[in-house]
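Here's the structure we're looking at; comments come further down.
Here, each number is a calculation from the coordinates, and none is a lab measurement. As the structure is a computational prediction, the values presented were derived from the model and not from experiment. Please note: Cβ atoms are built from the backbone with ideal geometry, for glycine as well, and neighbour counts cover all protein chains shown.
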Amino acid sequence: MPRWSRVFRMLLAGMLLAFFTAACQFDLGISELNLPFMPTETSPPVPTATPIPTPTVPPKPSSSADTTQIQVMVDDTTVFTDKQLGFRLVLPPEWMAVPVDETLRDEIIAGFAGNLRESLARLLESAMTQEGLRMLAVDYTGKYTYQEENFINNIQMVFDESANPEAELQTILDDAVASAEETFEDSDVLYQSIEENSKGITYASLIISHPISTFGVPLRQVLMMIKLDTGLLTITASIHAERYTDAERSLKNVINSFELAE
């Protein structure tokens with residue numbers, strides 16, 4: 001199996017989850033954050049059209065691990081900077097970047113109510129064990145989340161330093177598409193392309209639609225794969241399919257904000 005297929009399978013298994021019903025946990029070996037949950041065989045009911053009310057959440061933390069920096073700006077956007085890998089991006093106000101800090105974890109969880117509190121607790125607990133996960137951001141305001149679902153829309157950033165630096169982006173994309181189609185037979189690849197964002201960064205773009213039968217909730221995933229000098233960086237947004245249209249512009253803003261930083 002090609003190297004990129006193995007990487008993509010591992011990444012999909014970890015990122016697809018914010019499924020926080022009683023779930024089986026994958027041991028993916030992905031170290032700063034983790035997310036591997038699959039739903040039980042009994043899928044949760046189809047969500048209603050009523051979004052959850054905005055949760056009361058504690059102030060967003062302003063920093064994370066030694067190699068990354070989280071800065072909340074006056075307009076409530078968040079600038080995430082990875083000093084080790086040399087890049088930054090901007091999260092719109094509705095997204096909160098969660099630092100790898102157990103002292104802040106309980107405070108963050110306490111700001112969410114009901115099923116989402118338990119869901120977030122499982123997500124963060126699992127996230128602490130993954131290798132290569134540089135950032136986890138969650139739907140801070142509940143703008144794209146349903147209270148009825150044990151699922152929190154999230155954005156994950158995974159870095160693979162073992163990736164072949166000589167592989168072309170098109171080859172990476174082709175292999176990712178083939179792996180997705182093989183792994184998730186009932187899911188559909190809606191879009192694939194090599195693109196350039198507003199900062200001049202070339203990346204591979206991939207959008208996958210998963211039916212409710214695959215993971216317990218209808219899911220839309222948007223992947224941005226970027227070659228860095230030291231490996232492959234993949235940004236993945238996992239969004240409830242019925243809220244994807246609402247979130248699409250926000251995700252596009254995240255992608256266009258990505259830039260290299262000295």
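With a sphere of radius 9 Å drawn around the Cβ of ASP82, what net charge do the other residues whose Cβ falls strictly inside it have (Lys, Arg +1; Asp, Glu -1)?
My count for the surroundings of ASP82 gives +3.
For a quick protection proxy, order the peptides 129-136, 174-181 by their average other-Cβ count within 10 Å, most packed first.
Order by mean packing, descending: 129-136, 174-181.
At q = 0.16, 0.17, 0.20, 0.21 Å⁻¹, what log₁₀ I(q)/I(0) does a Debye calculation on the Cα points of region 112-252 give, no solvent, two decimals?
Rounded to two decimals, the profile gives -0.94, -1.06, -1.38, -1.46.
Give me a comma-separated list of calculated 3J(HN,Hα) values for region 164-176, in order, Karplus coefficients 6.51, -1.76, 1.60 applied at θ = phi - 60°, integers in Hz, x for any Gly or Pro.
Each residue of region 164-176 in turn: 6, x, 8, 5, 6, 4, 5, 5, 4, 5, 4, 5, 5 Hz.
Ranking request for peptides 247-254, 117-124: highest mean number of other beta-carbon atoms within 10 Å first, then the rest in descending order.
Packing proxy ranking, top to bottom: 117-124, 247-254.
What nm value, rounded to one decimal, do you get for the distance between ASP188 and ARG117 when each label is placed 7 Å out toward the C-beta?
Calculated label separation equals 3.9 nm.
Starting from the amide H of ALA163, placed 1.01 Å from N in the peptide plane, find each other amide H under 5 Å away whose residue is 5 or more places distant or on another chain.
LEU232
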